[in-house]
Amino acid sequence: MDGFVQGMKQDSDVHTEIDLKAVITSLFNSFSIEVTPREAARINDFREHVPEGTSVYVAWLQGSDISHTVDACVKLRSQGMVPVPHLAARAIPGPGQLEALLALFQREAAVEQVLLIGGGLKAPVGDFDCTMQVLETGLLQDYGIRKIGVAGHPEGSPDIDDGALAIALKQKNEYAQHTNTELYIVTQFFFDAAPVMAWEREIRSQGNRLAIHAGLHGLVSIATLIKYARNCGIGPSLRALTGRYGRVLALASERAPDELVAEIARSRLRDSGSRIENVHLFPFGSFKQTARWAGALSRGEFRLVDGGRQLSLLT
C-alpha cells in the first residue's frame, strides 16, 4: 500500500510539473520585448534574435528625437517584426501633433499597435494630462491603430494615486467595451510575484476584463535592476529583490526572472480566471541574452529545477 501511495504521489508530481511547464510555455508563446532607439540601431538583424512577428516595443526616452523612434519602427517592420512605439501622453503638445505623429508612424512603418503611457513628466507639455484624453480623441483608430497597450501599476505609481488609478482602469475597460478596441495592460516590472497576483485578483473583482501582460526584467545584474527600480519608483519589490538576492549574490551577477515566471505559472494553474495572459520583457540593455532566454521558454526548451523554482535551458 505504501508503495502504491508513493507511486500516486510521484504521478501527481509529474503531472504538476508537466502542467507548470505547459503554462510557462504558453505565457512565452507570444512574448513581447522592448528596445531603445539606440539599441535598435546597433542590432543588425532582429530575426537573428526573435521570431518574425514578435512585438518589439520602442521605448520612449524623455527628450529624445522622435525621428529615432520612427527609424527603429521602420527597421523592425522591414525585418518582419511588429513595431510598437511608446506614445507618452504628457509629451504630446496636442491633437494636431498627435495626428501628425500617427500619420508618420503609419506612412513610414505601417504601425498598428502602440503602448500608450502617461510619460512620467511632472507637468504636461500641452493639452494631454493622461492617456484617456488621448484615447478619447479617436485619432488612434483613425490612423489604423488596432491594438493599444496601457500601463499597469501593481505597486502603485509615483505619478498618480491609487484612487485615480482605479478610476482610470474603470474608464479604460468601458472604453474598450464601447469602442470594440483591443486594449490590454502591460505592467511595470517587479521582483515579487505575490503582490502582482493580489493586484490582478483585486482589479478583476472590480470589473477589469482587459488582458494583462506581466512585465519582467531581462538578464541583467542585480546592481542594474536596483538602479532601474529606484528610477521607476518601485518600492516593495525592490525590498524583495535585495532580501532575496542581496546576501547570496554579488551585485554584478546576472539573474533571469526564473522564480517570478514559476510563481506566475503556479498562480495561473490555481486560478483559471486570471487575466495574466502574456509576458513583456524589459531587457535593460541585454536584448540579445534576454531574447535567447525567452525564445527557449517559448519553445519549451527548458526543464524545471530546484523544486520547480528555477528554469534550466536545454540549449
> For residue 100 and residue 272, what is the calculated FRET efficiency with R₀ set at 35 Å and r taken between the beta-carbons, to the nearest 0.05?
Replying inline: 0.20
>> Considering all projection directions equally, how large on average is the shadow of the alpha-carbon convex hull of segment 260-304, in square nanometres?
In response: 3.7 nm²
> Which length gain, in nm to one decimal place, applies between residue 309 and residue 123 when the Cα-Cα distance is subtracted from 0.36 nm times their residue separation?
Replying inline: 62.7 nm
> Given Cα pairs under 8 Å that are at least 6 residues apart, what percent is the relative contact order of the chain?
Replying inline: 21 percent
>> In segment 101-122, whose amide N lies under 11 Å from the spot 7 Å out along Cα-to-Cβ of residue 147? List them in ranges.
In response: 112-115
>> Rounding to the nearest 10 and keeping the result within 0 to 90°, find how far the Cα-based axis of helix 258-270 lies from the longest principal axis of the chain.
In response: 80 degrees
>> Quick check: residue separation of residue 178 and residue 52 times 0.36 nm, minus the Cα distance between them. What number comes out in nm?
In response: 42.1 nm
> Relative to the longest principal Cα axis of the chain, at what angle does helix 287-298 sit, 0 to 90 degrees, rounded to 10?
Replying inline: 50 degrees
> Calculated from the structure, Rg and Dmax of the Cα atoms in Å equals which of (1) 18.3, 55; (2) 17.3, 50; (3) 20.2, 76?
Replying inline: (3)
> Roughly what angle does helix 222-231 make with the longest principal axis of the chain, taking Cα atoms, 0 to 90 degrees, to the nearest 10?
Replying inline: 40 degrees
>> Quick query: amide H of residue 215 versus all other amide H atoms, modeled in the peptide plane; which residues come in under 5 Å with a sequence gap of 5 or more or a different chain?
In response: 187, 280
> Of the lysine pairs in segment 28-310, how many meet both conditions: Cα atoms under 21 Å apart, and a spacing of 8 or more in sequence or different chains?
Replying inline: 6
> Where both residues lie in segment 28-310, what percent of DSSP beta bridges are antiparallel, nearest 5?
Replying inline: 10 percent
> In segment 48-108, which GluC sites (Glu not before Pro) fall in coil by DSSP and have 10 or fewer other Cβ atoms within 10 Å?
Replying inline: 52
> Does a label point 7 Å from the Cα of residue 25, set along Cα-to-beta-carbon, have any residues of segment 287-308 with amide nitrogen under 20 Å, and which are they?
Replying inline: 291-308
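No value in this document is a laboratory result; all are computed from the given coordinates. Because the structure is a prediction, the values reported are computed rather than measured. With ideal geometry, Cβ positions are generated from the backbone for all residues, glycine too; neighbour counts draw on all protein chains shown.
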